[in-house]
Amino acid sequence: MKLVALVLVPLLGGLLAWPLGRRRTEWARIAAVLALGVDLALALSLLGPAGPGGWLATFELPWIPSLGIGLRLGLDGLSLVLVLLTLLVGLLAVFASWSEIRERVGFFHFNLCWVLAGILGVFLALDLVLFYFLWELMLVPMVFLIALWGHERKTYAAIKFFLYTQASGLLMLLAILGLGLAHQRAAGSWSFAYGDLLGVSLEPTLALWLMLGFFAAFAVKLPVVVLHTWLPDAHSQAPTAGSMVLAALLLKTGAYGLLRFAIPLFPDASVRFAPVAMVLGAIGVIYGAVLAFAQTDLKRLVAYTSVSHLGFVLLGIYAWTSFSLTGTVLQMVAHGLSTGALFVLAGALYERTHTRDLERLRGLAPVVPRMGAAALFFALASLGLPGLGNFVAEFLVLVGAWEVRPIPTTIAALGLVAATLYSLRFFQRAFHGPAAEAELADLRPRELTVLGAMGVALLWLGLAPQPLFEVVAPALDVLLRTAGGTP
Amino acid sequence: MAGEALALAAVLFALGLVGLLVRRNLIFVLLSLEVMLNAAGLAFVAAGARWGQPDGQVTFLFILAIAAAEVAVGLALVLRLQTAFRSLDPDAASRLGG
Amino acid sequence: MIALFRLTARVAVVATALAVSRRHAVHALLYLVVSLLAVAFSFFLLGAPFAAALEVIIYAGAIMVLFVFVVMMLGLGPGARPEEPRHPDRWLGPALLGAVLLGELVYVLTLGPRSVEIAAEVGPKAVGTALWGPYLLGVELVGLLLLAGLVGAYHLVRRPPGKEKT
Amino acid sequence: MLDLLWLVPVLPLAGFLALTFAGRRLAKPAVTAIGVGSVGLSSLVAGAVAAAFLGHMPPGGVHRQILWRWFDVAGLRPEISLHLDALSLVMILVVTGVGFLIHLYSAQFMEEDADFARFFASMNLFVAMMLVLVLAGDLLLLYLGWEGVGLCSFLLIGFWYGEPANVLAARKAFVVTRVGDVAMAIGLFILVDRLGTLDLQAVVARAEAQWAPGSAAVVAVAALLLGGAVGKSAQLPLQTWLPDAMAGPTPVSALIHAATMVTAGVYLVARTGGLFELAPSIRTAVAVIGTATLLLAAGAALVQRDIKRILAYSTISQLGYMFLGLGVGSASAAIFHLVTHAFFKALLFLGAGAVIYACHHEHDIFRLGGLRRSLPTVTWTFVAGAAALAGFPLVTAGFYSKDLVLWRAFAGGHFLLWGAGLLGAFVTALYSFRLVFVVFWGETGTEAGARPGWRMTVPLTILAALSLVGGWLGLPAVLEPVLGAAEEMAEPHGTELLLQVLAGVVSLGGIALAWALYGRPGRHGDPVADALGPVGRWWRAGWGFDALYDRLFVRPYDAVARALEKDPVDRLPAAAAGLARGFHRALALTQNGRLRWYALSLAAGATFALYLVLTL
């Protein structure tokens, strides 16, 4: 029952924030904060020893029994970590947009809450039809967030984002139906329950095609290189909260989908596909890093760093070893925090200077020293400085991937040099050089709190990530056992 | 016999079509349309005669009515066109640019 | 009497070809009337006297009159100058074709109907029965269509208020 | 007492935190107290730890302090642990001791700077990270310190970031060393994959048990670790960042780019000596790289005009000697040279800093001159440092340590390397006294302005004393239990003595030549550079490595990045959209409002349909 509440609370919070925002804008913000705060407490209360199969909690209610579709939810360590990340980043996103969003505040928070609810649902759903439903649920409010509160090319970005995700989502729907049909043929009854579909034996070619259907949807979200081009536009055009949610959370649904569905449902096909995926991951690391280096738009630069960082995630997922999966989960969390923080900074800079053009930002360190320090910190996190979460994550991913495939791993490791280049270029371009003459306000206490929370979390993940690993480990063990060892 | 009647219908139809495509004057376009409708009616009547059934003539009646209504509206449009564009060339009224 | 039909058909084709190719609208209409009459005659030969009668009355009569009215209202198109009505160039063709049709008609009337028909006659009674039987809905629809045509035509030619003169 | 070991790195770290979060609100004396005091306290604790360690040697000569477990995944359990043995003890004493002296010196040198607090915060963080590096009991923690010092180096090179050249130098230093770091990281992957641990002791033990000498895995690991060391210690082919790193304040150059950070590579190779012993080919490579670097850098130092660049190339060259020592299997000689080098090179940098401080930031040695009269303390301490660098026989520390390295090379049978090292020693003596004679003798150039106060002269004096007597410390004897004793000397004692005499003669010869060329009054210009002509210009440009790398890596990367800037992959969906738009245009053309055109297309369509019906 708690699981249902976990999804319902933000939905209700959003419904409440909308009308309240018409009366007083602060009320909408407070409603959103309260809903997410309550949800966070709820999620924390689910921490505990894992039950059979690694599940911490499950829920089941029939929905369309004749087709075997049910409201099936389940939470294991992996889901829990991502749920906590979602709520944390969601809360920080509300705070980060406190002064940025001034129009249609109620509707903004409605959309924000509903996106978060969709994401939470995706992390919890254990019925494929329900999963698809929630997958689409998180899409629409996100499109609104970009299209209504975005920057100069917001419509273009929103439509591109919508087309990419929608088209790939339909491929996944086809694959879900195909899988359901295969189950019906084999077992004689319809079912879309995750547990039932896990064991379906498929003809290899069919399995490969169905797997590719899932992969397409998740690859667009992740994003895998070649399918990534919606991301720089969406990220750079979205408002700060939108960019945070996109980078920190929405991309993670792709990784989660691969971990939870694409590989366990089609283990053999995934083994065949793994070399391709790992090479794609390595290419993504380098390609994203080179493009990030070339950008002049601050938010686009950060967006391309996401492509690069999630290349590690893809590499780690398809290496499918204990090391790489643990690293992948940590990378998801750490990337969410570091990139989210960079977007907060980019938003703060934009609010003050009204530009995101790196050619025009220069020598800001003496003007806004706190912002400079924060930018340096998160730029270092993004280049993988040891002591911060991203390093441990990338190290574990690369160690795990090395055991499986050394060559793509080596290429990905070179991405660390490229990451240094773009991180330093970003930091030095904006903050170093001859001192700017502008008078700008330094970070305000609210912004400092948001960034400070993210910074402390990154330090914790970098120096003592063990508690996180212990939450995730049972779930990853189950996944590893389900889909066999290293492919 | 019925075959020859159908051939006649086809020739009349083709003549009407050529007129429709070739003439620029809207009056002639409508006129050609009448010829084509008439040819179609002929085909129906011939078919009805071949089988000795009244259905062909019934359909001819319908065509007749349609032709009458069409001509009424069409000629009204011609009048409007003339007042608006001072021309009977339908291309003069092409504002739907591609 | 296949020969009779063929002759009628030739008259129809020639008249139609001339109708669509005349420069002058009134001439074209004259040829078209001939063409319609020829088709009406062929209906008669095909054993459909009711259709033939309607063809003459409605097509060659009513619709053509409508055309003529419109042509007159438009001021006779390109050749708008006053014309010599008795000039043989203008009426000779239609008259000749019409004479052929008249000859056929006289021939048929003197010979008697039985021997002329090519197909078995389907009389007005059978058509009427069919119309009010299975095609009743179609008749109603056609009625509505005609009403719509009437309203539409009226609406279209009505001068917009405020604009008194063209 | 040993349990207080954790305080050694934590104290500077606390200083860093205090200065970062409160530095802007503190008065300068408070900043000085925190910045210098934290390192001073740390050096006192290090001294106490050393006394306790040497007074009561723990079993096995190793003291371990586990602070907490970093993580535990699939059998890999790196710990945040401190590992104290003779090697790390020597290193922490050098880092905290020399570090403290340089901090004290900086208190005056940087006094006028607006960002006083930021400077000390970065310096403290550097000391903390360096201590983590040398105390780490686990290669992953070592890597943390390794990258941490790189970061501080970046921050301090770019300390005066108002100047674009400094910003670029900082970035270059970080990126070039990161190339080496990535190689090292890959080496760590192999270690985890094959040995399942990164614990320093376990790695060496398991490597010896599991890998045959010269097997592919151990060669790969050693080569990759060497890559990291080469980057950090500015050896060929990754040496290009160090001369540019002189953009930082001079105390930074003294601390980071002479005494401590750049020697981290030497430390790493010494620390993982067990692996290098299993990979003899790579160990030879270490010696060859070291020798090549020492010759190249000495040549470059000979023709520089910027006082700090001379010292930078000299540092590269001296690091080459340490690598030579490591490569011929005598880590203790290398570490000995590391320690004496830390003393005399820090001294030389601080002396150079004092000159620069006094002479209005004049870097060109040929515009200086005759400073002997106006800056006596600086002059004599500088001469002591230069003598140590040149290996002036018997009375300087540099003579003993360099001679030990050369002797071990000779004794190991590497005659060619020995000969090259001797040639390097000659050039070293020549360029170090060229510097001394040009700057302190001859006609007066730029007038000395500000006189260095006690906070600058005291560190200079202490370091000068250490540069002279440091050779009698007997460090190799302390280190040999950890680093392994050198093989039994095949040659009789007499040969060693003979070689020492030879080295002394070479050194004195270099100094004499320097006097002949630069010391006598009435000198004009730069005879050596003039004699070398275009070769000299080539050497001055660092043997053209910068230009080469610029062509090979920087520009191609830039070009690729610029070519990709608009993301060519984005053309793909744009092409799909373009296709749809083109299709739309084509269809829209048919929607032209021409009635007869519609009729024609209708007729054509009907005809086509009819044709299909009739033929199919």
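Positive-end ranking of D:Ala429, D:Pro393, D:Phe440 along the dipole of the stretch D:316-452, with charges on Cβ about the Cα centre, is headed by D:Pro393. With N the number of residues in chain D, Rg(Cα) / (2.2 N^0.38 Å) evaluates to 1.19.
Only Cα pairs under 8 Å and at least 6 apart count here; give the relative contact order of the stretch A:266-487 as a rounded whole percent. Before the final figure, lay out each step's value.
Values: 353 pairs, mean separation 67.3, N = 222.
With pairs under 8 Å counted, the relative contact order is 30 percent.
Pairs of Cα atoms nearer than 8 Å and 6+ residues apart set the relative contact order; for chain A it is 15 percent. For chain A, the ratio of Cα radius of gyration to the globular rule of thumb 2.2 N^0.38 Å stands at 0.92. Identify which of B:Ala39, B:Ala47, B:Ala69 has the largest mean-square fluctuation in a Gaussian network model of chain B, with springs joining Cα atoms closer than 10 Å. The residue with the greatest mean-square fluctuation here is B:Ala69.
Every helix of 4 or more DSSP H residues in the protein assembly as shown counts as -39500 (n - 2.57), and over all residues that averages to -24000 deg cm²/dmol at 222 nm. Residues in the stretch C:122-137 carry Karplus couplings, in order, of 10, x, x, 5, 4, 5, x, 4, 5, 4, 8, x, x, 9, 4, 4 Hz; the curve used is 6.51 cos²θ - 1.76 cosθ + 1.60 with θ = phi - 60°, and Gly or Pro positions show x. Charge tally around D:Tyr400: other residues with Cβ under 15 Å, Lys/Arg +1 each, Asp/Glu -1 each, net 0. Among the residues of C:51-63, the average count of other protein chain beta-carbon atoms within 10 Å of the residue beta-carbon is 4.
Peptide A:405-414 has a mean of 2 when you count, residue by residue, the C-beta atoms of other protein chains within 10 Å of its C-beta. Pair-distance distribution P(r) for the stretch A:266-487, from all Cα-Cα distances in 10 Å bins starting at 0: 9, 33, 31, 17, 8, 2, 0 percent. Coupling constants for the stretch D:123-130 follow from the phi torsions by the Karplus curve (6.51 cos²θ - 1.76 cosθ + 1.60, θ = phi - 60°), and in residue order they are 4, 4, 4, 4, 4, 4, 5, 5 Hz; glycine and proline get x. Shape class for the stretch A:285-411: prolate, because the ratio a/c of the largest to smallest gyration tensor axis (alpha-carbon atoms, square roots of eigenvalues) is 1.5 or more and a/b beats b/c. Considering every alpha-carbon pair of the stretch D:1-42, the percent of pairs per 10 Å bin, from zero through the bin containing the longest distance, is 32, 48, 16, 4.
Applying Stokes-Einstein at 4 °C and 1.567 mPa s to the Kirkwood radius of the stretch A:1-84, computed over alpha-carbon pairs, gives a translational diffusion coefficient of 90 µm² s⁻¹. When a/c is below 1.5 the answer is rounded, else prolate if a/b is larger than b/c, else oblate, so apply that to the protein assembly as shown with a ≥ b ≥ c taken from the square roots of the Cα gyration tensor eigenvalues. Prolate. The residues neighbouring D:Leu319, those whose beta-carbon lies less than 14 Å from its own, together hold a net charge of +3 under the Lys/Arg +1, Asp/Glu -1 convention. In terms of its Cα atoms, the stretch D:176-266 spans 47, 23, 18 Å along the principal axes, sorted from long to short. Against chain D, whose longest principal axis is taken from its Cα atoms, helix D:280-303 shows a tilt of about 80°. Couplings for the stretch D:40-48, taken from phi via the Karplus curve 6.51 cos²θ - 1.76 cosθ + 1.60 with θ = phi - 60°, read x, 4, 4, 5, 5, 4, 4, x, 4 Hz in order; Gly and Pro are left as x. Here the contact order of chain D, divided by its residue count and restricted to Cα pairs under 8 Å and six or more residues apart, works out to 12 percent. The ellipsoid equivalent to the alpha-carbon distribution of the stretch D:224-295 has semi-axes of 24, 13, 8 angstrom, derived from the gyration tensor eigenvalues as √(5λ) and listed largest first. Only one residue of A:Trp63, A:Gly242, A:Ala475 has its Cα farthest out toward the positive end of the dipole of chain A, where Lys and Arg carry +1 and Asp and Glu -1 on Cβ, and that residue is A:Gly242. Checking the cross-link pairs A:Lys299/D:Lys232; A:Lys252/D:Lys566; A:Lys221/D:Lys172; A:Lys2/A:Lys221; D:Lys172/D:Lys308 against a 23 Å limit on the alpha carbon distance flags A:Lys299/D:Lys232; A:Lys252/D:Lys566; A:Lys221/D:Lys172; A:Lys2/A:Lys221 as lying beyond it.
Shielding value for B:8-16 is 5, the average number of Cβ atoms from other chains within 10 Å of each residue's Cβ.
Comparing D:Gly470, D:His361, D:Gly99 along the charge dipole axis of chain D, the residue lying farthest to the positive side is D:His361, per the Cβ-charge model. Reducing the stretch D:56-104 and the stretch A:298-323 to their Cα centroids gives an inter-centroid distance of 34 Å.
Summary of the geometry: the stretch D:202-221 and the stretch A:100-139, compared by the centres of their Cα atoms, lie 53 Å apart.
Read-outs throughout are calculated quantities, based only on the coordinates presented, and are distinct from any laboratory measurement. In this text the structure is predicted, and so the values were computed from the model without any measurement. Because the Cβ atoms are built from the backbone with ideal geometry, glycine has one as well, and the counts that use them run over all protein chains shown.
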